[in-house]
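The values are calculated or read from the model by the stated rules, or taken from the named source; none is laboratory data. Everything numeric in this text was worked out from a predicted model, so none of it was measured. Positions of Cβ are generated from backbone atoms using ideal geometry, with glycine treated the same way; all protein chains shown enter the neighbour counts.
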Amino acid sequence: MAAKVFIDGAAGTTGLEIRERLVDRSDIRLLELPEAERKSVRARREALNEADLVILCLPDEAAREAAAMVENPSVRIIDASTAHRVAPDWTYGFPELEPGQRERIGRASRVSNPGCYPTGFLGLIAPLVRAGIVPNNFPLTVNAVSGYSGGGKSMIEEFENRTSPRYVETVVRTYGLTLAHKHVAEMQKHAGLAHPPVFAPSVGRFYRGMIVEVPLQLWALPGKPNVFDIYRVLGEAYQGEKLVEVADFDGAMTALKRAREGRPVDPAQFEKTAPLQTLDAEMLRLTNGMKLFVFGNDKTQQARLVAVLDNLGKGASGAAVQNLNIMLGIPETTGLL
């Protein structure tokens, strides 16, 4: 029997993309309200309590109100807003985050979908903190640029509607200058950090796509790791994953295999085999995965860790569908590959 799914906020950017991924699936039956009833509290309440699973694509306060409207104990919720990402009674919906997270999501009745920026940051840093390479009290910086769709309808209007008084000619705009971006708490908690990272987000004149970067001074880390040490930890953390990939720098996978077999690895040789010179924020647009890159220089003992993803894919709607599949016991990548 097809699972009944209700998207509350289906007319928004994230909701529309989730619907697109679900509408033609035979294992899902979407509960949809007529246009005239989309803002009706009565109609929404009925749909929220009739569904097997609800996806909230709403502003934070509206998401809290909608979650409180669910009275049927069998209804499970995925919240795509920021409202519950650090709430203790909600499970964080990043299946690849750490061992056992996928199983916790599968059992959960309340799942908070990760933010796009935190997905990139946590994908890079959480395994390194867990392995002890990056101490949990280490000062970290996150530099990132996203497509303007990440700001929803209002920002899309700013960048696209030339007749709007909000229209801007901006090519790249940095923001979050008060160092109080709402994603920081999520980054800190789920990476297990003692201090919040310095987060420097920007938005560019492209619709979708994202680069999230964490620079590291390797000489300042207690164990003085080299570039390959970083690559090895990330490669092992995501081995076998279908939606998170660690980029293969020619001989790097061979080197990783040697390390697993206990044979010596020459970090200098690993460095020489890294051919990439640039990365494109749009390289994974219209996909649901994330690719992680490790760049470094062992002479200067520095590294640049970079995550590339679609902010509307693995950064939002694709992640919600991945969590939905896990929660409903459906193969995890259904509708995503």
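Taking the criterion of being on the phi > 0 side of the Ramachandran plot, in a loop (DSSP other than H, G, I, E, B) and either outside the structural domain of Glu20 (by TED's automatic domain parsing) or of a type in the set (A, V, I, L, M) (or both), would at least one residue in the range 306-317 satisfy it?
no
Give me a count of the residues in the range 133-165 that are of a type in the set (A, V, I, L, M, F, W, C) and in a helix (DSSP H, G or I).
Total meeting the criteria: 3.
Those residues that are acidic (Asp, Glu) and surrounded by 24 or more Cβ atoms within 10 Å (Cβ to Cβ), I need them from the range 297-327; list them, please.
The one that is acidic (Asp, Glu) and surrounded by 24 or more Cβ atoms within 10 Å (Cβ to Cβ): Asp310.
Of the residues Arg104, Arg85, which is surrounded by fewer than 21 Cβ atoms within 10 Å (Cβ to Cβ), in contact with a strand residue (DSSP E or B) (Cβ under 8 Å, 6 or more places away or on another chain) and among the basic types (Lys, Arg)?
Testing whether each residue is surrounded by fewer than 21 Cβ atoms within 10 Å (Cβ to Cβ), in contact with a strand residue (DSSP E or B) (Cβ under 8 Å, 6 or more places away or on another chain) and among the basic types (Lys, Arg) leaves just Arg104.
Does Ala67 satisfy the condition of being surrounded by 18 or more Cβ atoms within 10 Å (Cβ to Cβ), assigned to a loop (DSSP other than H, G, I, E, B) and either in contact with a strand residue (DSSP E or B) (Cβ under 8 Å, 6 or more places away or on another chain) or not assigned by TED's automatic domain parsing to the domain that holds Ala237 (or both)?
No.
Can you find, within the range 286-300, the residue that is farthest from the chain's Cα centre (by Cα) among those that are over 14 Å from Val246 (Cα atoms) and at pLDDT 95 or above?
Leu286
Would you confirm, using the coordinates I've provided, whether Asn113 is crowded, with 17+ Cβ neighbours inside 10 Å and among the polar types (S, T, N, Q)?
Yes.
Would you mind telling me which numbered condition in (1) in contact with a Cys (Cβ under 9 Å, 6 or more places away or on another chain); (2) modelled with pLDDT under 95 Ser146 fails?
(2)
Identify, please: which residue in the range 49-93 is polar (S, T, N, Q) and over 19 Å from the mean Cα position of the chain (by Cα) and is, among those, farthest from Asp27 (Cα to Cα)?
Restricting to residues being polar (S, T, N, Q) and over 19 Å from the mean Cα position of the chain (by Cα), the top hit is Asn72.
Quick check on my filter: what residues within the range 1-30 are surrounded by fewer than 17 Cβ atoms within 10 Å (Cβ to Cβ) and among the β-branched types (Val, Ile, Thr)?
Answer for the range 1-30, where residues must be surrounded by fewer than 17 Cβ atoms within 10 Å (Cβ to Cβ) and among the β-branched types (Val, Ile, Thr): just Val23.
Where the second residue is of a type in the set (A, V, I, L, M) and at pLDDT 70 or above and the first is closer than 14 Å to Asp310 by Cβ and part of a helix (DSSP H, G or I) and lies in the range 264-292, which pairs have Cβ atoms under 9 Å and are six or more apart or on separate chains?
none
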